[in-house]
1. Taking the criterion of being surrounded by 20 or more Cβ atoms within 10 Å (Cβ to Cβ), modelled with pLDDT of 90 or more and aliphatic (A, V, I, L, M), would at least one residue in region A:104-115 satisfy it?
2. If you scan region B:127-148, which residues turn out to be surrounded by fewer than 18 Cβ atoms within 10 Å (Cβ to Cβ) and either touching a residue at least 60 places away in the same chain (Cβ under 8 Å) or under 18 Å from the mean Cα position of the chain (by Cα) (or both)?
3. Given (1) within 9 Å of chain A (Cβ to nearest Cβ); (2) in contact with a Lys or Arg (Cβ under 8 Å, 6 or more places away or on another chain), identify the lone condition not met by B:GLU93.
4. Any idea which of A:GLY197, A:GLY101 is closer than 26 Å to A:GLU32 by Cβ and more than 8 Å from chain B (Cβ to nearest Cβ)?
5. Here is a check on your reading of the model: is A:VAL80 in a helix (DSSP H, G or I) and surrounded by fewer than 21 Cβ atoms within 10 Å (Cβ to Cβ)?
6. Can you pull out the helices (runs of 4 or more DSSP H) entirely within region B:126-189 that have at least 2 residues that are facing chain A (nearest Cβ under 10 Å)?
Protein chains: 2
Amino acid sequence: MTDDDAPRRGRRPAGQETRAQVLDAARAEFLERGYDAVSVRGVARRAGVDPGTVRHWFAGKRELLTATLGIAPVDPAAMVHQVLAGPVEGLGERLVRGVLGLWDGDEGATVRLVLPAVMADPGLRGLLPGFLGAEVLGPIVERLGVADARRRSSLVASQVAGLLLTRYLVPIDPLASMPADEVARLVGPNVQRYLAGDLA
Amino acid sequence: MTDDDAPRRGRRPAGQETRAQVLDAARAEFLERGYDAVSVRGVARRAGVDPGTVRHWFAGKRELLTATLGIAPVDPAAMVHQVLAGPVEGLGERLVRGVLGLWDGDEGATVRLVLPAVMADPGLRGLLPGFLGAEVLGPIVERLGVADARRRSSLVASQVAGLLLTRYLVPIDPLASMPADEVARLVGPNVQRYLAGDLA
């Protein structure tokens, strides 16, 4: 995602530094107060700009959130590249390791923000799975050349989504507090079966 | 759960029929309006009683929700019995089949109510996993006599939670629209590995 994604209408009240400042403020607000309680006005206040400046780039709260997701350190292409680098047998473990590498970084704060927001908003519900399917799982499964790529993708999604849920959001021990390496060893083979194994 | 769980203080303004009527109204309100928008007052109105009558049995909205969960057709003991009846090799598949049998019944309406509410409320977050762990997964894993029962339980929870999420709440096809039998065949062996398989 590049800065060119931001709509430009009317005069341009400030530089890209202000846009980044607004996104930083939005992320802090979302994490601190939760999706429901955040307002464009509150984000503007925190960023030290007026609400019109926020609205110049972002139509509303939902657009602020999706843009916020973009500043999380997620680079789908790099992730796909890393997962695909290596023998096919280790795909599942590398995928789990990659996922945990992203979300363990901020101790799951992003997951705790994104997942409830996505679930609470019917408009967002299709967005995140669609994005992950197209940008991450799709390219990985495609490379395997299997016939039932969509079925395998959705099965992988069911395990990865549940891992995010039980490691970060509704933490269930010991899974929630295990070292990432151990999770990868335990969960990896299950993801591997979905990706490349013999399915019924 | 029996009706005796309801706190009894002061006079008893109406019979158990009224309590059941309040729970029916609460369930309908939760499903129709979502956890956040529901109020004790609204439930009372729908049940045709005054708010004090609702509060006689339920301290507030959270208690209404947890009681509502109790009237979903979930009988943990029956579920455990059913999953354990049969050869060990089929445990995972029978568990998935049992879970889908519960939630497919109302087309996931209960999941769409419960999961977001649980995630939005820090007080509820520990409640549902705790309940399911103690009442369902615990007894199943215990019967297997494995040494690392808690670890296996949390892994099973990660797969089952993700299945609920991607089948009902943020539906990902084709998993979301598959017949239950096919899901059980696909996901069952993965649950089986967590329950009784060789873990790293």
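1. No, the conditions are met nowhere in region A:104-115.
2. If the condition is that a residue be surrounded by fewer than 18 Cβ atoms within 10 Å (Cβ to Cβ) and either touching a residue at least 60 places away in the same chain (Cβ under 8 Å) or under 18 Å from the mean Cα position of the chain (by Cα) (or both), then B:LEU127, B:GLY130, B:PHE131, B:ALA134, B:GLU135, B:GLY138, B:PRO139 are the ones that fit.
3. Condition not satisfied by B:GLU93: (1).
4. Testing whether each residue is closer than 26 Å to A:GLU32 by Cβ and more than 8 Å from chain B (Cβ to nearest Cβ) leaves just A:GLY101.
5. Yes: the conditions hold for A:VAL80.
6. Fully inside region B:126-189 and qualifying: B:127-132, B:149-164.
Results for (1) aliphatic (A, V, I, L, M); (2) at pLDDT below 85; (3) farther than 20 Å from A:ASP121 by Cβ; (4) assigned by TED's automatic domain parsing to the domain that holds A:VAL111, shown as yes or no for each residue.
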residue	(1), (2), (3), (4)
A:ARG9	no, yes, yes, no
A:ALA14	yes, yes, yes, no
A:ASP24	no, no, yes, no
A:LEU31	yes, yes, no, no
A:GLY34	no, yes, no, no
A:ALA44	yes, no, yes, no
A:VAL49	yes, no, yes, no
A:GLY52	no, no, yes, no
A:ARG55	no, no, no, no
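The values are calculated or read from the model by the stated rules, or taken from the named source; none is laboratory data. Since we're looking at a predicted model, the values are computed, not measured. In this analysis, Cβ positions are derived from the backbone assuming ideal geometry, glycine residues included, and neighbour counts consider all displayed protein chains.
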